[in-house]
Amino acid sequence: MLASLSLALLVCVLCASTASTSALKLYSPANTLLRNGPIPFITRLVKPKEYEDKIKKFMLEAKEKDEVVAQGNMDAYFAAPDVWAEQKLLESQGRREVFDYGKGPEPERILLSTVWAGVVF
């Protein structure tokens with residue numbers, strides 16, 4: 001039952017229009033779900049205006065020109081603000097390697113996540 005509900009939700013998301021009222025070129029909600037999990041995904045669906053505003057604000061404050069990198073940063077922030085802030089702090093101090101938030105998930109990770117979800121549900 002739960003598996004069929006999650007599959008239906010995923011199908012709805014994939015079928016829904018990803019066109020935005022803003023000029024931002026964002027990746028799809030399904031990509032948000034795959035990259036950072038359900039919290040940023042739900043935030044994006046429930047509060048799309050606030051979601052886009054946060055991305056624009058990040059682009060302005062961080063002087064980030066790439067929308068995908070800015071969206072990846074905000075997805076990571078929505079998923080775990082404390083971990084994202086710690087990562088950024090340690091990056092600025094040179095104590096941790098700079099993480100590329102614009103990089104998509106590896107195909108192996110997608111396959112393993114799908115298999116794991118099939119086992120759980």
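Values as computed for the structure displayed
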| read-out | value |
| --- | --- |
| Share of pairwise Cα separations in the range 64-105, more than 17 Å, in percent | 30 |
| Percentage, to the nearest whole number, of Cα pairs in the range 49-121 over 19 Å apart | 47 |
| Additional length obtainable on full extension of the chain from Ser28 to Lys47, 0.36 nm per residue less Cα span | 5.3 nm |
| Set of lysines with alpha-carbon distance to Lys25 below 16 Å, sequence-local pairs under 8 removed | Lys49, Lys54, Lys56, Lys57, Lys65, Lys103 |
| Accessible-area ranking of Leu34, Leu26, largest first, probe 1.4 Å | Leu34, Leu26 |
| Qualifying aspartates and glutamates (Cα of each under 20 Å from Cα of Lys63; at least 8 residues distant if same chain) | Glu50, Glu52, Asp53, Asp75, Glu86, Glu91, Glu97, Asp100 |
| Projected label distance in nm at Val83 and Lys63, using a 7 Å step from Cα toward the beta-carbon | 3.0 |
| Carbon and sulfur %, accessible surface of the range 76-121 computed with the full protein complex present, 1.4 Å | 62 |
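The values are calculated or read from the model by the stated rules, or taken from the named source; none is laboratory data. These numbers come from a predicted model, not from an experiment. Note that we place each Cβ from the backbone using ideal geometry, even for glycine, and neighbour counts take in every protein chain shown. The accessibility values were calculated without ligands, DNA or RNA, using every heavy atom of the protein model including side chains. Shrake-Rupley method; radii C 1.70, N 1.55, O 1.52, S 1.80 Å.
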